[in-house]
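Just so it is clear, none of the values below were taken in a lab; they were calculated from the coordinates. On a predicted model such as this, the values are computed, not experimentally measured, just so you know. FYI the Cβ positions are ideal-geometry reconstructions off the backbone, even for glycines, and counts take in every protein chain you see.
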Amino acid sequence: MAAFPDGLHSGTVVPLDRANIDTDAIFPKQYGRGTARTGFGPVLFDLWRYLDPGDLDSDHATRRPNPDFVLNHPALRGASVLLARDNFGCGSSREHAVWALRDYGFRAVVAPSFGDIFRQNCPLNGVAAITLAAPAIDQLFAAAATQVLQARIDLLQGSLHCAGLALPVRLSGREQALLTRDIDWIGATLAQRQRIAAFEQARLASQPWLANTLEI
């Protein structure tokens, strides 16, 4: 099922006030021995989330949660929008980091900037990587210090409403397609068949000598 049916999502916001959170912090490498894309939610932010270490044989339900880590705050249970600082998802290119976020229940990460590969992996796995200007991020964190925030994201209209702010959301057409329709990257490309065909016709009209080349 698409992460954003009808392009919409509403959810509670987790304010994770740290910059340069790398993919190993999001998903520790010792757990990355599977490719099922599910079952990784319990080890999201593993090192910060628990007071005792875990391994592949751990029963994560019995590990002691760190009460100071924001993800463990009772009022934020079931949250689905993550608010972070600069360069979220930097470091190694492991796709498991996005799988863990999605499996936990997050549908969007909002930050001033992202690691490039992490951002590319997000829409492919049902997570919107939403970039906002640093002053807007500052306002959201300031509001989160005094209240539990609720966000409403409209990908098709390009907006995020939260803490009384209406903020622009800019995603490419391909990102929108991946997040709002149950398709993969190939499907997102095939959805542009008419535009591709129009481009090919216009190019052949302006450069007819390419026709013989294309027939080889």
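If the viscosity is 1.306 mPa s and the temperature 10 °C, what translational diffusion coefficient in µm²/s does Stokes-Einstein give for segment 122-202 when Rh comes from Kirkwood over Cα pairs? Answer, rounded: 109 µm²/s.
Candidates Q192, V148, T23 compared by Cα position along the dipole of the chain: farthest toward the positive end lies Q192, with charges placed on Cβ. Neighbour counts of C-beta atoms inside 10 Å place E200, E175 in the sequence E200, E175, starting with the fewest.
Here the simple spin-label model places points 7 Å from the Cα toward Cβ, and for L210 and S93 these points are separated by 2.8 nm. Given R0 = 22 Å, the distance between the Cβ atoms of T12 and D182 translates into a calculated FRET efficiency of 0.35.
May I ask you to list the trypsin sites (Lys or Arg not before Pro) in segment 105-205 that are in a DSSP loop and have at most 10 other Cβ atoms within 10 Å of their Cβ? Kindly include the intermediate steps, with their values, before the conclusion.
Working: sites: R107, R119, R152, R170, R174, R181, R193, R195, R203; in loops: R107, R170, R181.
Loop-located and lightly packed - R170.
Exposure proxy for I196, I117, I153: other Cβ atoms within 10 Å of each Cβ, ordered fewest to most, give I196, I117, I153.
Between Q157 and A133, the simple spin-label model (points 7 angstrom out along Cα→Cβ) gives 2.1 nm. How many angstrom lie between the C-alpha centres of segment 13-60 and segment 140-209? Rounded to whole Å, the Cα centres lie 28 Å apart. Between the beta carbons of Q150 and K29, assuming R0 = 41 Å, the FRET efficiency works out to 0.75 to the nearest 0.05. Annotation: the residues L76, L171, L155, sorted from fewest to most other C-beta atoms within 10 Å of their own C-beta, follow the order L76, L171, L155. Using a simple spin-label model with pseudo-atoms 7 Å out from Cα toward Cβ, D116 and H73 lie 3.5 nm apart. Of all DSSP-defined beta bridges confined to segment 5-182, some 55% are antiparallel rather than parallel. The C-alpha atoms of the chain occupy a region whose extents along the principal axes are 68, 43, 29 Å, arranged from largest to smallest.
In the chain, which helices (entire DSSP H runs) extend 24 Å or more along their own long axis, judged by Cα positions, while averaging at least -1.0 on the Kyte-Doolittle scale? Before the final figure, lay out the partial values.
On the way: long enough: none.
Long hydrophobic helices here: none detected.
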